[in-house]
Amino acid sequence: MKKYYLLLALTSLLFACKPGGGETPDPEGTTYPRVQLIEHFTGESCGYCPYGMNLINEVYSQNPDGYVWISNHTYGTDEYTAQGSYAIAKKLGVTGAPAVSLNREKLDGELNYHPYYLAAMAQKQATTATSTVSLSRTYDPATRELKITVSGKTSETDIDSVMLTVAVTESGMVGPQADNLYSWAGWKKFRHTHAVRVYASNAMGDGAVMKNRTFRKEYTVTLADNWVADNCEIVAWITKNNTNWPVLNAAKLPVVEGTKGGEDILYEGIEEYPVPETYPEQGAPNLESTLTTCEAYSTDYSDFTVVYLVLCNPDSVVATISNTRMYAYTELYLLVASGSTTLPVGTYTFKDEAQAGVGDAIAGFRNDETHTIDGSQFLWIYKSGSSLYLGRQWMLVSGNIVVTREGVELTGTTKNGNPVHATYTGPVTLKKTAGAPQRILKQPEQSL
């Protein structure tokens, strides 16, 4: 009888030492290294996203082990858009691209998640955490079945549950990518990285109850046949007490043992798609266009007001690439008298930004890190063989914009000497706004 009680006591002691499925939590106040979560929002048709990736990589490359980088393709829909990505973008209030969140936070005082602010955000983030998350897995290459175990712990006594998000990313996929910053040759072949292929959990997270300040969950996913397993990575992060942020900690692990899960793959574009030296502009849709929509926004500066004029015809679909509809579209920048509340009638002549003044349209193009001025753009799509290409965002380097009470007429010449003619019939309402357009003269003290 004494042996029976002794065995019972030892058994009780054994289980008491391994709460929550076998992990003893560290005492209250313990800290762990913190891995930061970079949630990147991008898309094949986002022309400034390669520039955004440069900014992210500048931060990420300094300490890859200190970050989990995932890319949600939410700018339009393309081959790498995962179910659930849009829900995350909506929850964070991300409406465009490129955009990036660090631990689901943004820089104090800023209204958006532009990658330009990532370095400053990273400096403000703590490098230690009171909670941690870890990953283990088994992968069967024959069936492509991946079993994931996620566990974690906290030293905070007030955390009784966490929201856990688990995904599989892939790197190294070569596909098209619009690139506005470095080349006007249109779409490039691009090596996409860190793209979310699937959310194993709910994209907004699954509830995980703490048992003696530890948790453990298991997931099973099957990798699609066209995913390269060696380039795939498991990522996970936790947030506190049934909320979606802030992110307490994150983790990553290659799907295949002995690989780097694509972490060693560079993201840069590798080559441009074959584009002929002489572009087939003749007969292209935007060279003779009827535009049906016109919007005008203005920003006041000390000596002039800049009008950002957007004209398009969204009903005339030129082509579709990566499930993104392309149509006749143009952006123009006009300089009008300071304090103007209506768009003045008259003829605006294209001039280079360095010589432009009140009564002129800005021609040419400059886009540096401060996004000082974008030039006058005109878009169109052409087809070569069985492939579709964004021909160019043609810079209108000469010509006139005639504004009347009845509408707008644009007559100009593109950078390579081909003519453009477009008309819009209808009123033009000038929308006064203090903050837009964002990309024009960001620093008011700058002059043309």
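The values are calculated or read from the model by the stated rules, or taken from the named source; none is laboratory data. Since the structure is predicted, the reported quantities are computational estimates derived from the model, not experimental observations. Heads up, the Cβs are rebuilt from the backbone with ideal geometry, glycines too, and the neighbour counts pull from every protein chain shown.
Does Thr278 meet the test of being modelled with pLDDT of 70 or more and either over 30 Å from Thr341 (Cα atoms) or among the β-branched types (Val, Ile, Thr) (or both)? Show your work before the answer.
On the way: modelled with pLDDT of 70 or more: no; either over 30 Å from Thr341 (Cα atoms) or among the β-branched types (Val, Ile, Thr) (or both): yes.
Taking the combined requirement at face value, the residue does not satisfy it.
Tell me the residue from Phe215, Phe190 that is over 15 Å from Val235 (Cβ atoms), at pLDDT 90 or above and part of a strand (DSSP E or B), please.
Of the residues listed, the single one that is over 15 Å from Val235 (Cβ atoms), at pLDDT 90 or above and part of a strand (DSSP E or B) is Phe215.
What do you reckon, is Thr24 of a type in the set (S, T, N, Q), more than 27 Å from the chain's Cα centre (by Cα) and at pLDDT 85 or above?
No.
Kindly check whether there is at least one residue in the range 171-179 that is farther than 19 Å from Trp69 by Cβ, outside any strand (DSSP E or B) and either of a type in the set (Val, Ile, Thr) or in contact (Cβ under 8 Å) with a residue 40 or more places away in the chain (or both).
Yes, the conditions are met somewhere in the range 171-179.
Residues being of a type in the set (D, E, K, R), surrounded by fewer than 16 Cβ atoms within 10 Å (Cβ to Cβ) and at pLDDT below 80: count how many of those fall in the range 384-431.
Residues that pass the stated criteria total 1.
Would a scan of the range 141-163 turn up a residue that is within 14 Å of Leu37 (Cα to Cα) and touching a residue at least 24 places away in the same chain (Cβ under 8 Å)?
no
Please go through the range 67-86 and pick out each residue that is surrounded by 16 or more Cβ atoms within 10 Å (Cβ to Cβ), farther than 21 Å from Arg191 by Cβ and touching a residue at least 60 places away in the same chain (Cβ under 8 Å).
Correct list: Gly84 only.
Do the conditions hold for Thr95, that is, is it over 16 Å from Trp237 (Cβ atoms) and out of contact with any Ser or Thr (no Cβ under 6 Å at 6 or more places or on another chain)?
yes
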